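To start, the structure under review is shown below, and the notes come after it.
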Protein chains: 2
Amino acid sequence: MNQGLPPQMGQSLLFLTDEQLRKGIEAMFFAYRGFTADPDRILAEKSYGRAHHRAIHFINRSPGTTVNNLLSILGVTKQSLNRVLRTLIEDGLVASTVGTRDKRERHLHLTDAGAALERELSDAQRDRMRAAYRAAGPEAVAGFRQVLEAMMDDETRQHYKAMKDRSE
Amino acid sequence: MNQGLPPQMGQSLLFLTDEQLRKGIEAMFFAYRGFTADPDRILAEKSYGRAHHRAIHFINRSPGTTVNNLLSILGVTKQSLNRVLRTLIEDGLVASTVGTRDKRERHLHLTDAGAALERELSDAQRDRMRAAYRAAGPEAVAGFRQVLEAMMDDETRQHYKAMKDRSE
DNA sequence: AGAATACGTCAGCTTTGTTGACATTCCAAG
DNA sequence: CTTGGAATGTCAACAAAGCTGACGTATTCT
């Protein structure tokens with residue numbers, strides 16, 4: 001589309017050419033593979049999958065969250081989440097307790113074993129992220145976060161922003 | 001781990017705290033969902049999946065590429081790729097021609113119909129990417145690309161860099 | 001001539017998503 | 001106090017897309 005780089009295009013808009021956008025798309029694809037590679041290796045040993053990792057991550061992040069809330073964060077059906085959650089509960093990694101205010105709800109927490117796995121997984125994932133952050137530097141990291149946030153769906157962005165940032 | 005923010009930590013390293021890294025991890029997860037959402041909708045109508053999109057994308061990107069080359073870019077097994085490729089060839093979106101130099105190889109090209117679908121898919125994906133780029137600005141985009149590149153596996157990064165950037 | 005490479009295919013299995021149907025439990029409104 | 005709706009759980013069936021292993025064929029390299 002913008003292949004011809006019309007000479008009247010302002011210099012400041014060169015980063016919006018189709019080719020630049022294509023490189024960004026490919027960068028997302030390739031980077032996401034690296035992003036999941038390390039946890040995937042750990043999970044495979046324990047015969048869990050990415051879905052288990054995501055559940056564990058967000059339960060750790062919001063202890064006591066309800067199934068419904070987790071559902072809307074993860075963006076999957078309850079049947080899909082339930083299958084994952086059931087194995088985690090059976091294996092003693094997640095505790096499901098009946099709500100006190102509303103007894104229909106189940107509040108989810110990680111057990112000690114669950115927290116241990118969470119740490120193992122996120123250590124691996126953070127190691128790579130830390131290396132990437134360190135290599136790119138603080139300004140690049142700020143830009144990285146800005147672009148990712150702008151790429152989210154509106155509803156998703158609400159979830160993202162609602163996640164407590166304990167460092168600020 | 002770095003929860004306590006030791007006072008002796010240099011200001012310049014604050015972006016490497018575990019909490020900052022966690023936010024980055026969540027940003028990747030949430031953004032990737034947005035990243036694939038638009039093409040996914042188009043693909044669903046035509047009963048194709050993300051795997052078809054990836055094949056189409058990289059065939060468009062490297063016309064005449066061989067099956068083996070595509071395999072190593074995508075990082076899947078030949079059986080998995082073959083299933084996708086077969087339907088694309090049957091449906092007349094991809095053409096497979098016997099190699100001239102080496103007749104064992106098949107060279108893959110998009111047909112006109114294939115190129116049309118590629119355009120439809122990448123237009124949708126680029127629209128979102130463009131909006132994100134525009135919202136974040138050129139410096140943020142540079143940082144975004146730097147962090148993503150640093151996050152890739154070494155082998156993957158070679159593939160990424162080998163992709164022709166027609167704009168430079 | 002024989003080994004290695006590139007490709008295709010068959011069969012079977014796994015993970016993770018989907019729909020649809022239906023039961024249970026419980027809160028809250030009438 | 002009953003009833004409607006919300007939250008949860010479960011069963012069944014299915015699909016996409018990954019995997020392994022085995023095998024066949026054509027071609028090229030040594």
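The values are calculated or read from the model by the stated rules, or taken from the named source; none is laboratory data. Note that the structure is predicted; figures quoted are calculated from it, not measured. When we count neighbours, we look across all protein chains shown, and the Cβ atoms used for this are built from the backbone with ideal geometry, even at glycine. Accessible surface is based on the protein model in full, side chains and every heavy atom, while ligands, DNA and RNA are left aside. Shrake-Rupley method; radii C 1.70, N 1.55, O 1.52, S 1.80 Å.
I'd like the interface area for chains B and A: accessible area of each alone minus the complex, both sides summed, 1.4 Å probe, protein heavy atoms only. What is it in Å² to the nearest 100?
About 7000 Å² of accessible surface is lost on pairing.
So which lysines can B:LYS23 reach, going by Cα to Cα under 16 Å and dropping same-chain residues fewer than 8 places off?
Straight-line reach from B:LYS23, under 16 Å: A:LYS161, A:LYS164.
Measuring from the axis that superposes chain A on chain B, report the chain A residue with the minimal C-beta distance, rounded to whole Å.
A:GLY143, 1
State the answer as a single residue: which of A:PHE30, A:LEU93, A:PHE58 lies farthest towards the positive end of the charge dipole of chain A, with beta carbon charges of +1 for Lys and Arg and -1 for Asp and Glu, about the Cα centre.
Going by the Cα projections, it comes out as A:LEU93.
Provide, for q = 0.12, 0.16 Å⁻¹, the log10 of I(q)/I(0) from a solvent-free Debye sum over equal Cα point scatterers in segment B:11-149.
After summing over all Cα pairs, the log10 values are -0.62, -0.93.
Given 10 °C and 1.306 mPa s, how large is the Stokes-Einstein diffusion coefficient of segment B:81-168 in µm²/s, with Rh as the Kirkwood radius over Cα pairs?
Taking Rh from Cα pairs, D becomes 98 µm²/s.
When each copy gets a label point 7 Å from Cα toward the beta-carbon at B:ARG41, what are the spacings between them in nm, shortest first?
Values, ascending and in nm: 3.8.
Please report the base-10 log of the normalised intensity I(q)/I(0) for the protein assembly as shown, using a Debye sum with one equal scatterer per alpha carbon and no solvent, at each q in 0.15 (1/Å).
So the normalised log intensities work out to -1.36.
Please report, for A:LYS103, the nm distances (one decimal) from its label point, 7 Å out from Cα along the beta-carbon direction, to the equivalent points in the remaining copies, shortest first.
Distances between equivalent label points, in nm: 7.8.
How many nanometers, to one decimal and shortest first, lie between the label point of B:ARG61 and those of its other copies, if labels sit 7 Å from Cα toward Cβ?
Nearest first, the other copies' label points are 2.7 nm away.
When all protein chains stay in place, what accessible area (Å², nearest 10, 1.4 Å probe) is found for B:LEU13?
Roll a 1.4 Å probe over it and B:LEU13 shows about 70 Å².
What trypsin sites (Lys or Arg not before Pro) does segment B:117-167 have in DSSP loop regions with at most 15 other beta carbons within 10 Å? Spell out each step's value before the answer.
Details: sites: B:ARG119, B:ARG126, B:ARG128, B:ARG130, B:ARG134, B:ARG145, B:ARG157, B:LYS161, B:LYS164, B:ARG166; in loops: B:LYS164, B:ARG166.
When the trypsin sites (Lys or Arg not before Pro) of segment B:117-167 are filtered for loop state and at most 15 Cβ neighbours within 10 Å, B:LYS164, B:ARG166 remain.
Give a quick list of trypsin sites (Lys or Arg not before Pro) in segment B:21-69 that DSSP marks as loop, anything other than H, G, I, E or B, with at most 15 other Cβ atoms within 10 Å.
B:LYS46
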